[in-house]
Amino acid sequence: MARTSDQPVEPNTAGLASSGFAEAPVAPDEPESAEVTLVAHLPFYMQRFNVPQEDGSVLSFDKHGTRVPTGDADRLIQSAADNGVSLTREAN
Amino acid sequence: MAIGDLYNAQNVVTGQAAVFVAPGNTPLIDLSKFNTADPFDTTAWTTYSMAVGATTAVILTFLRRGVTASTTSLTITGLTAAALQAALNGLATIGAGGVNVTGTTTTGPFFISFDEGLQDGVLTAAFTGTGGVLSAPLWTACGATEQGWQLGADKSTQSINIEEQSTQVGTTITSQAVSVQGSLSEDITRTLALAMNATVTKTAAVTTVSPGYDTLTLTDTVLVYALGLVTTNAEGFGRIVYAPLWTSLGNVSASFRRAAGQRLYGVNFATICATNQIQILNFTQPK
């Protein structure tokens, strides 16, 4: 029969110091995307919805989606609603 | 046997039909939603579905005849069909009893259907977050007509004859044209687009700068539609004529008169699909 040792067993930590493990770096917070894709849901007979901008340009929306600045999304969605067109944000 | 035993006068039916149009190849409606007690109930054809995805809130807007009204921001978590229905019924453009909402947020999308009198309105949604989609009804009623609709099936045949028999020995169908014709009486963009084979671009108004307008552009590309014609039948439960692909290339001659009559836009829907895709469903029993 093996004799049980009375000595407490020290944990073997000799290898840990040189194991090479390092604290995993914390990834910085992802910045909010500067643009968002808006998709138009149009009546069957309509192919496109245009929203003229103050600078003279025209933002055009169809079922394929258009990328717009994130800050403009709410305004454009409301403008579309006032015209009976539904614009929805597409998941990135 | 009396002559009266050879016919059933109850099978002689008069009555109107309604025509619904959708993008080409749109499948027929879910027949479980067809109302055999009222075949002209538009619920089965014109129901919105709202999927909430990962959104946290939604604002619904109902536009009708140039007037809009919006709900407050509705929190998605815990939103019930009853609460959504109450919010919509509270809109000035809808009114009490104008909308019916079913569905839950936990098991699937909401289904929103409007009273017949509100079918000319449009519901839109502004979601907070992503993944929310308000799917507009696929089908749209064509609207008022001058003298209703005509269903036609014209066939051209080829007789097969032999010298040895005076009567023909066979007949083949060389061509067949199934059509639905009518004169649309609502002078709106949708009517013009259907009658003129035109594409439509809507341009929003710019406050104090320029008005909003629809641009219809005639095209040589043949636009195709799915079409469903609904009417009553002798059994009293309704009938649907459906095919997935139709063109609308009829000739248009609209008169603009002071008082002699309304503007009319003739449409002639003609099938371009295989004959076995043209279906006539005659409902004979309710659910």
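The values are calculated or read from the model by the stated rules, or taken from the named source; none is laboratory data. All figures in this text were calculated on a predicted structure; none of them were measured in a lab. Using ideal geometry, Cβ is built from the backbone for each residue, glycine included, and neighbour counts are taken over all protein chains shown. The area values use the complete protein model at the heavy-atom level, side chains included, leaving out ligands, DNA and RNA. Shrake-Rupley method; radii C 1.70, N 1.55, O 1.52, S 1.80 Å.
For the range B:191-217, which positions are within 7 Å of another protein chain (Cβ to nearest Cβ) and out of contact with any Pro (no Cβ under 6 Å at 6 or more places or on another chain)? Answer for the range B:191-217, where residues must be within 7 Å of another protein chain (Cβ to nearest Cβ) and out of contact with any Pro (no Cβ under 6 Å at 6 or more places or on another chain): B:Ala193, B:Leu194, B:Thr199, B:Val200, B:Thr201, B:Lys202, B:Thr203, B:Ala204, B:Ser210, B:Gly212.
Just give me the residues in the range B:75-121 being among the hydrophobic types (A, V, I, L, M, F, W, C), touching a Gly at 6+ places or on another chain (Cβ under 7 Å) and more than 26 Å from B:Arg190 (Cβ to Cβ), in sequence order.
B:Ala81
Residues of the range A:54-84 that are assigned to a loop (DSSP other than H, G, I, E, B), in contact with a strand residue (DSSP E or B) (Cβ under 9 Å, 6 or more places away or on another chain) and over 14 Å from B:Gly212 (Cβ atoms): A:Glu54, A:Asp62, A:Lys63, A:His64, A:Gly65. If you filter the range A:43-62 down to residues that are more than 7 Å from chain B (Cβ to nearest Cβ) and under 26 Å from the mean Cα position of the chain (by Cα), you find that the one that is surrounded by the fewest Cβ atoms within 10 Å (Cβ to Cβ) is A:Ser60.
When the range B:122-138 is examined, which residues are found to be open to solvent by less than 10 Å² (accessible area, probe 1.4 Å) and either modelled with pLDDT under 85 or assigned to a loop (DSSP other than H, G, I, E, B) (or both)?
Here is the first cut: in the range B:122-138, the residues open to solvent by less than 10 Å² (accessible area, probe 1.4 Å) are B:123-125, B:132, B:134.
Once the filter is applied, which keeps residues that are open to solvent by less than 10 Å² (accessible area, probe 1.4 Å) and either modelled with pLDDT under 85 or assigned to a loop (DSSP other than H, G, I, E, B) (or both), the range B:122-138 yields only B:Gly132.
B:Ser248 falls short on exactly one of the conditions (1) among the hydroxyl-bearing types (Ser, Thr, Tyr); (2) on the phi < 0 side of the Ramachandran plot; (3) surrounded by fewer than 19 Cβ atoms within 10 Å (Cβ to Cβ), and that condition is (3).
Residues are listed down the side, and each one gets a yes or a no for (1) in a loop (DSSP other than H, G, I, E, B); (2) closer than 26 Å to B:Leu245 by Cα:
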position: B:Leu28; (1), (2): yes, yes
position: B:Ala37; (1), (2): yes, no
position: B:Thr77; (1), (2): yes, no
position: B:Leu88; (1), (2): no, no
position: B:Ala96; (1), (2): yes, no
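Annotation note: Cβ proximity below 7 Å between a residue of the range B:165-190 that is within 14 Å of chain A (Cβ to nearest Cβ) and closer than 19 Å to B:Tyr225 by Cβ and a residue that is of a type in the set (Phe, Trp, Tyr) and open to solvent by less than 80 Å² (accessible area, probe 1.4 Å) (sequence gap 6+ or interchain) occurs for B:Leu184/B:Tyr265; B:Arg190/A:Tyr45.
One line per residue, one yes/no per condition, for (1) within 23 Å of A:Thr88 (Cβ to Cβ); (2) not β-branched (Val, Ile, Thr):
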{"residue": "B:Thr26", "(1), (2)": "yes, no"}
{"residue": "B:Thr43", "(1), (2)": "no, no"}
{"residue": "B:Arg64", "(1), (2)": "yes, yes"}
{"residue": "B:Leu88", "(1), (2)": "yes, yes"}
{"residue": "B:Pro109", "(1), (2)": "yes, yes"}
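If you scan the range B:155-192, which residues turn out to be open to solvent by 70 Å² or more (accessible area, probe 1.4 Å) and within 16 Å of B:Thr247 (Cβ to Cβ)? Hits for the range B:155-192 are B:Gln176, B:Gln181.
Take the residues of the range A:63-87 that are away from every other protein chain (no Cβ under 12 Å) and surrounded by fewer than 16 Cβ atoms within 10 Å (Cβ to Cβ): which is nearest to B:Met50 (Cα to Cα)?
A:His64
Select from the range B:231-245 the residues that are open to solvent by 70 Å² or more (accessible area, probe 1.4 Å) and outside any strand (DSSP E or B) and list them in ascending order. Before you say what the answer is, go through the steps one by one.
Residues of the range B:231-245 that are open to solvent by 70 Å² or more (accessible area, probe 1.4 Å), as a first pass: B:235, B:239.
Correct list: B:Glu235 only.
The residues of the range B:259-287 that are open to solvent by 60 Å² or more (accessible area, probe 1.4 Å) and among the small types (Gly, Ala, Ser), listed by number, are B:Ala259, B:Ala260.
Open to solvent by less than 70 Å² (accessible area, probe 1.4 Å), away from chain A (no Cβ under 14 Å) and modelled with pLDDT of 90 or more: does that describe B:Ala86? Against the criterion (open to solvent by less than 70 Å² (accessible area, probe 1.4 Å), away from chain A (no Cβ under 14 Å) and modelled with pLDDT of 90 or more), B:Ala86 qualifies. Checking B:Ala270, B:Ala254, B:Ala259, B:Ala193 one by one, the residue that is hydrophobic (A, V, I, L, M, F, W, C) and part of a helix (DSSP H, G or I) is B:Ala193 and no other. The conditions of being without any contact (Cβ under 8 Å) to a residue 40 or more places away in the chain and either within 16 Å of the chain's Cα centre (by Cα) or in a loop (DSSP other than H, G, I, E, B) (or both) are not met by B:Thr43.
Of all residues in the range B:193-222, count the ones that are in contact (Cβ under 8 Å) with a residue 40 or more places away in the chain and either open to solvent by less than 50 Å² (accessible area, probe 1.4 Å) or closer than 30 Å to B:Gln285 by Cβ (or both). Steps first, answer last, please.
First, the residues of the range B:193-222 that are in contact (Cβ under 8 Å) with a residue 40 or more places away in the chain: B:194-197.
Going one step further and asking which of them are either open to solvent by less than 50 Å² (accessible area, probe 1.4 Å) or closer than 30 Å to B:Gln285 by Cβ (or both), we end up with B:194-195, B:197.
Looking only at that region, the number is 3.
Of the residues making up the range B:1-26, those that are within 24 Å of B:Ser248 (Cβ to Cβ), among the polar types (S, T, N, Q) and surrounded by fewer than 19 Cβ atoms within 10 Å (Cβ to Cβ) number 2. For the condition among the polar types (S, T, N, Q) and more than 23 Å from B:Gln119 (Cα to Cα), B:Thr104 qualifies.
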